[in-house]
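Following: one structure in structure tokens, then a few remarks.
Computed from the coordinates by the stated procedures, all read-outs in this text should not be read as laboratory data. Computed from a predicted structure; not experimentally measured. For neighbour counting, all protein chains shown are included, and Cβ atoms are generated from backbone atoms with ideal geometry for every residue, glycine included.
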Amino acid sequence: MKRVVSMLSACVMLGSVSSAAAQEANSSEVMFPNFFSSGIGRSSPIPRQRVSYPGNYAPGSIVVDTRERRLYLITAPGEALRYGIGVGRDGFRWGGVHRITAKKEWPSWTPPAQMLRRRPDLPRHMKGGPENPLGARAMYLGSTLYRIHGSNEPETIGQAVSSGCFRMVNEDVIDLYDRVSVGATVYVKN
């Protein structure tokens, strides 16, 4: 009997330690929500949606509307998949027509010199992976420094926070990446 009581006491103590550890883990997630997050499986605050989209765009083209903070993948004449995106903050928005010149999975990131002048605290280079700010996929736009890329910060979708790139939650950028080809035309409306 004494042995059973000792075992039960140990289980209760382990249970309370596990519960305390779980509470501590949950509070650290609240304090640092994305510190160790890949963003994979985290939904966009702006859900992906099939919509009608007027215009004379070829299927496979992408239209980025920076004012709406939405990206449209043209799927058929008059139809598109609409994604929520984060866009360039004031002074970093731009417009034009480019093509996707490269696609990369878990891309590495080397901040451009202009960004390092503004933010000398940034790393000089980051290997691809869950903590990398380019996220799970990147599509490079022409000869510019800009990309359509993933993000592990879903709270920035629908916001103007970047240095000119277009960010999506990783789940959405993976979906887009799988649907578009190198050479696809990208129309950026500012």
- Message: Compute, for segment 62-190, the length of the dipole vector about the Cα centre, with Cβ point charges of +1 (Lys, Arg) and -1 (Asp, Glu) only. Units Debye, rounded to 20.
- Response: 520
- Task: Sketch the reach of a paramagnetic label on V182 as a point 7 Å from Cα along Cα-to-Cβ, and name the residues of segment 120-138 whose backbone nitrogen lies under 15 Å away.
- Result: 138
- Message: At 0.36 nm per residue, and after removing the present C-alpha to C-alpha distance, how many nm does the segment from T101 to A113 gain when stretched out fully?
- Response: 2.2 nm
- Query: Counting only residues 5 or more places away or on other chains, whose amide H sits under 5 Å from the amide H of E79 once H atoms are built in the peptide plane?
  - Reply: Y53
- Task: Fewest Cβ neighbours within 10 Å first, please rank F92, F166 accordingly.
- Result: F92, F166
- Message: Can you compute 3J(HN,Hα) from phi for each residue in segment 128-136, using the Karplus curve 6.51 cos²θ - 1.76 cosθ + 1.60 with θ = phi - 60°, rounded to whole Hz and x for Gly and Pro?
- Response: x, x, x, 8, 5, x, 7, x, 6
